[in-house]
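Peer 1: Pasting in a structure now, in structure tokens, and then I'll have a few things to ask.
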């Protein structure tokens, strides 16, 4: 993606977000008592100022990039040159799924077992050149962290419904 | 109470095995984390923070400060041996460190880096001890309008210098301020963007936000582009720095230390600009200026003195004013808050023993850095061998455990993941994360002081100009904005001139 273009889109997105804040989000999600003596003391005052700032900065960003001289095309950081360009996106999507699955799995399977699987999944996504080391660390690290947080720091690490660790 | 009374009261807090071990462990973790390319001092401090919850306040804070100091020095090891700075602060060290390594003098370069780092660290710590108390006693006279203008100035400078684009820095800070409004209103207790969800009533947990912003984007960037090797590790070669060489570099080390102290005490500047300024000053004044860039030992000494000179000094605004000077001190403030402490002028009155115990610990850290650093230099070959494909998934697991441990709540883990993706998006759009985090931390303080000022004046904005202190902060804020815009325009003009020259 050209850096200039991405900045223009960032600017436009920012302005739209600021307008959404001002006209939708603040009226809907910020409550203010009716008896506020001065507008500057109202709970909506600060978010409103921030929304205006966001709009102004978005406009400035868009205009400065629109009227700037064309920038040389920025080289997108991708994997190696022979890699299919969709692969980085697939890896990111897979990582997002691992994160969702981890959050979902913690109450059912416990943090230790879920973390082990998540570790292995991430190592698989990046095609680790050290699969044995990854597997060993995937088993040991969550257990060590469980031992520290559960027994030293006194944190009740979720154990899940199936296997309970000492 | 006199200075010596305070020291006597603080001594028992720090003169114990637990504090010593925490400092030692912190420096060791920091040096190793700084030495691993792909890790950074910031990430190391963020990941260590959850382990301090179970410790005494002073022990936990010393552990984090040890990681900070060790991390800044550790970054110089890969800078010299594989031409990859472990931390941004070590970028200037490459200029002469790597040519020295190529000339078979890597050990000498690492040696002078260590000695200049330790010397600068001592000077920086002494500056902290001298100036923090003085500044805090002065800040006791600050009221809400003064604090409001001070925080506004800090945010402006942090937003301005964190990125090449002032607008993106300001935008990042504004989004941080917006996120800080989530929760209950500070005065009326009404809902603000919390969607009646109990998890959001108290606002987003700041440790989850900072770990998400500073640890996960590195993992996501690696997943986008998995990299294997980081270059060839140079042999240590000539190992010992002679006293004559240290003496030859001494002026540059002292000058660099003071540059670090000055830039470190201004919120937002950070270690990298200090290292480059110190390096360029050393080159300008050195009789061996022609040798700079080709493997000049004085160049390594100057850049390392510059970046380590910042370490103690960044704690001056943190301890005296309660304003974090950079991202790492913003994380350190978390350790204070977790233990119910609020850095700022009142802490010098209410918890002076903790402040002075920190001072003692920091002086001790300079000695420990010398010991740990000299061992780490020899172990670097093994440190750099840690595969990223194992390291970065480990970071994910550490983040999950650490963030869960804050409140025993999976919701914080969700916040951390969301912040991780946000941080990654910001990274891809070239938006700096530092102003976002610092604005998120300072946002409630900024708003609180503004509204207190408005309550005092019955809504009259003139109170924000009531004293010479507020005028001073307004003036420096304006001067900062003008200077940043001018620098941006100059850079644009230079780039334009260069482009038209190359087209001809």
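The values are calculated or read from the model by the stated rules, or taken from the named source; none is laboratory data. Here the structure is a predicted model, which is why all the values come from computation and not from measurement. Please note: Cβ atoms are built from the backbone with ideal geometry, for glycine as well, and neighbour counts cover all protein chains shown.
Peer 1: For residue B:119, state whether it is buried (at least 23 other Cβ atoms within 10 Å of the Cβ), within 27 Å of residue B:78 (Cα to Cα) and within 22 Å of the chain's Cα centre (by Cα). First the steps, then the outcome.
Peer 2: On the way: buried (at least 23 other Cβ atoms within 10 Å of the Cβ): yes; within 27 Å of residue B:78 (Cα to Cα): yes; within 22 Å of the chain's Cα centre (by Cα): yes.
Here the answer is yes, as residue B:119 does meet what is asked.
Peer 1: Can you spot a residue in the stretch B:108-115 that is within 14 Å of another protein chain (Cβ to nearest Cβ) and more than 17 Å from residue B:326 (Cβ to Cβ)?
Peer 2: Let us first name the residues in the stretch B:108-115 that are within 14 Å of another protein chain (Cβ to nearest Cβ), namely none.
Scanning the stretch B:108-115, I find no residue that is within 14 Å of another protein chain (Cβ to nearest Cβ) and more than 17 Å from residue B:326 (Cβ to Cβ), so the answer is no.
Peer 1: Okay, moving on. What pairs come out if I take residues in the stretch B:385-400 that are more than 7 Å from every other protein chain (Cβ to nearest Cβ) and pair them with residues that are part of a loop (DSSP other than H, G, I, E, B) and crowded, with 21+ Cβ neighbours inside 10 Å whose C-beta lies under 6 Å away, six or more apart or interchain?
Peer 2: B:386/B:36; B:395/B:215; B:399/B:215
Peer 1: For the stretch B:146-156, which residues satisfy the criterion of being surrounded by 24 or more Cβ atoms within 10 Å (Cβ to Cβ) and either over 14 Å from residue B:449 (Cα atoms) or within 13 Å of chain A (Cβ to nearest Cβ) (or both)? Let's see the steps before the verdict.
Peer 2: Taking the stretch B:146-156 as the starting set, the residues that turn out to be surrounded by 24 or more Cβ atoms within 10 Å (Cβ to Cβ) are B:147-151, B:154-156.
Scanning the stretch B:146-156 gives B:148, B:154, B:155, B:156.
Peer 1: Name every residue in the stretch A:7-58 that is touching a helix residue (DSSP H, G or I) at 6+ places or on another chain (Cβ under 8 Å), assigned to a helix (DSSP H, G or I), within 10 Å of chain B (Cβ to nearest Cβ) and more than 19 Å from residue B:179 (Cβ to Cβ), in order of residue number.
Peer 2: Those that are touching a helix residue (DSSP H, G or I) at 6+ places or on another chain (Cβ under 8 Å), assigned to a helix (DSSP H, G or I), within 10 Å of chain B (Cβ to nearest Cβ) and more than 19 Å from residue B:179 (Cβ to Cβ): A:7, A:11, A:39, A:40, A:41.
Peer 1: Next up: Within the bounds of the stretch B:63-80, is there any residue that is surrounded by fewer than 24 Cβ atoms within 10 Å (Cβ to Cβ) and touching a helix residue (DSSP H, G or I) at 6+ places or on another chain (Cβ under 9 Å)? If you could, list the steps in order and put the result at the bottom.
Peer 2: Filtering the stretch B:63-80 for residues surrounded by fewer than 24 Cβ atoms within 10 Å (Cβ to Cβ) gives none.
No.
Peer 1: Exactly one of (1) under 28 Å from residue B:182 (Cα atoms); (2) within 11 Å of chain A (Cβ to nearest Cβ); (3) in contact (Cβ under 8 Å) with a residue 24 or more places away in the chain is unmet by residue B:433. Its number?
Peer 2: (2)
Peer 1: So, one more: Spot the failing condition for residue B:282; the list is (1) in a helix (DSSP H, G or I); (2) in contact (Cβ under 8 Å) with a residue 60 or more places away in the chain; (3) buried (at least 24 other Cβ atoms within 10 Å of the Cβ), and only one is missed.
Peer 2: (2)
Peer 1: Of all residues being in a loop (DSSP other than H, G, I, E, B) and more than 8 Å from chain A (Cβ to nearest Cβ) in the stretch B:166-187, which is farthest from the chain's Cα centre (by Cα)? Just the residue, please. Show your work before the answer.
Peer 2: Just the residues of the stretch B:166-187 that are in a loop (DSSP other than H, G, I, E, B), to begin with: B:181-182, B:185-187.
Still in the list and also more than 8 Å from chain A (Cβ to nearest Cβ): B:182, B:186.
Details: B:182: 26, B:186: 29 Å.
Filtering first and then ranking leaves B:186.
Peer 1: Now a separate question. Out of all the residues in the stretch B:240-265, which are out of contact with any helix residue (DSSP H, G or I) (no Cβ under 7 Å at 6 or more places or on another chain) and not in a helix (DSSP H, G or I)?
Peer 2: Of everything in the stretch B:240-265, just one residue is out of contact with any helix residue (DSSP H, G or I) (no Cβ under 7 Å at 6 or more places or on another chain) and not in a helix (DSSP H, G or I), namely B:242.
Peer 1: Suppose we keep only residues that are at the interface with another protein chain (Cβ under 7 Å from one of its Cβ atoms) and under 15 Å from residue B:219 (Cβ atoms) within the stretch A:78-101. Which one would you say is modelled with the lowest pLDDT? Before you say what the answer is, go through the steps one by one.
Peer 2: Step one: filter the stretch A:78-101 for residues at the interface with another protein chain (Cβ under 7 Å from one of its Cβ atoms), giving A:78-79, A:88, A:91-92, A:95, A:99.
Then drop every residue that is not under 15 Å from residue B:219 (Cβ atoms), which leaves A:88, A:91-92, A:95, A:99.
Details: A:88: 90, A:91: 93, A:92: 94, A:95: 95, A:99: 95.
In this case the residue turns out to be A:88.
Peer 1: Of the numbered conditions (1) touching a residue at least 24 places away in the same chain (Cβ under 8 Å); (2) surrounded by 24 or more Cβ atoms within 10 Å (Cβ to Cβ), residue B:48 satisfies every one except a single condition; which is it?
Peer 2: (1)
Peer 1: If you don't mind, there's one more thing I want to ask. Search the stretch B:441-464 for residues being within 8 Å of another protein chain (Cβ to nearest Cβ) and outside any helix (DSSP H, G or I), and hand back the single one that is surrounded by the most Cβ atoms within 10 Å (Cβ to Cβ). Step through it out loud before you land on a result.
Peer 2: Applying the first criterion (within 8 Å of another protein chain (Cβ to nearest Cβ)) to the stretch B:441-464 yields B:447, B:450-451, B:454-455, B:458-459, B:461.
Adding the requirement that they be outside any helix (DSSP H, G or I) leaves B:458-459.
Numbers: B:458: 11, B:459: 14.
Of everything passing the filter in the stretch B:441-464, B:459 is surrounded by the most Cβ atoms within 10 Å (Cβ to Cβ).
Peer 1: Pick from the stretch B:191-207 the residues that are within 13 Å of chain A (Cβ to nearest Cβ) and out of contact with any strand residue (DSSP E or B) (no Cβ under 7 Å at 6 or more places or on another chain): which of them is farthest from residue B:424 (Cα to Cα)?
Peer 2: B:196
Peer 1: Just to be sure before I move on: is residue B:377 under 25 Å from residue B:308 (Cα atoms), more than 14 Å from chain A (Cβ to nearest Cβ), touching a residue at least 12 places away in the same chain (Cβ under 8 Å) and over 21 Å from the mean Cα position of the chain (by Cα) in the structure I sent? Before the answer, list the steps.
Peer 2: Numbers: under 25 Å from residue B:308 (Cα atoms): yes; more than 14 Å from chain A (Cβ to nearest Cβ): yes; touching a residue at least 12 places away in the same chain (Cβ under 8 Å): yes; over 21 Å from the mean Cα position of the chain (by Cα): yes.
It is true that residue B:377 is under 25 Å from residue B:308 (Cα atoms), more than 14 Å from chain A (Cβ to nearest Cβ), touching a residue at least 12 places away in the same chain (Cβ under 8 Å) and over 21 Å from the mean Cα position of the chain (by Cα).
Peer 1: Something else about it: Restrict the check to the stretch A:111-124 and report whether at least one residue is under 26 Å from the mean Cα position of the chain (by Cα) and either at pLDDT below 90 or surrounded by fewer than 13 Cβ atoms within 10 Å (Cβ to Cβ) (or both). Steps first, answer last, please.
Peer 2: Filtering the stretch A:111-124 down to residues under 26 Å from the mean Cα position of the chain (by Cα) leaves A:111-124.
This time we only want the ones that are either at pLDDT below 90 or surrounded by fewer than 13 Cβ atoms within 10 Å (Cβ to Cβ) (or both), so: none.
No, there is no match, as no residue in the stretch A:111-124 is under 26 Å from the mean Cα position of the chain (by Cα) and either at pLDDT below 90 or surrounded by fewer than 13 Cβ atoms within 10 Å (Cβ to Cβ) (or both).
Peer 1: Right, residue B:179: modelled with pLDDT of 90 or more and under 20 Å from residue B:324 (Cβ atoms) or not? Walk me through how you get there before you give the answer.
Peer 2: Values: modelled with pLDDT of 90 or more: yes; under 20 Å from residue B:324 (Cβ atoms): yes.
For residue B:179, the condition - modelled with pLDDT of 90 or more and under 20 Å from residue B:324 (Cβ atoms) - is met.
Peer 1: Right, here's the next one. Which numbered condition in (1) closer than 17 Å to residue B:210 by Cβ; (2) touching a helix residue (DSSP H, G or I) at 6+ places or on another chain (Cβ under 7 Å) is the only one that residue B:337 fails?
Peer 2: (2)
Peer 1: Being within 13 Å of another protein chain (Cβ to nearest Cβ) and in a helix (DSSP H, G or I): is that true of residue B:484 here? Before you say what the answer is, go through the steps one by one.
Peer 2: On the way: within 13 Å of another protein chain (Cβ to nearest Cβ): no; in a helix (DSSP H, G or I): yes.
Spelling it out, it is not the case that residue B:484 is within 13 Å of another protein chain (Cβ to nearest Cβ) and in a helix (DSSP H, G or I).
Peer 1: Now, a different point. Sort out which residues of the stretch A:120-152 are within 7 Å of another protein chain (Cβ to nearest Cβ) and within 20 Å of residue B:411 (Cα to Cα), and write them in order of number.
Peer 2: If the condition is that a residue be within 7 Å of another protein chain (Cβ to nearest Cβ) and within 20 Å of residue B:411 (Cα to Cα), then A:142, A:145, A:149 are the ones that fit.
Peer 1: Moving on to the next point. What's the number of the only condition in (1) surrounded by 17 or more Cβ atoms within 10 Å (Cβ to Cβ); (2) touching a residue at least 60 places away in the same chain (Cβ under 8 Å); (3) within 30 Å of residue B:169 (Cα to Cα); (4) within 13 Å of another protein chain (Cβ to nearest Cβ) that residue B:438 fails to meet?
Peer 2: Result: residue B:438 fails condition (4) only.
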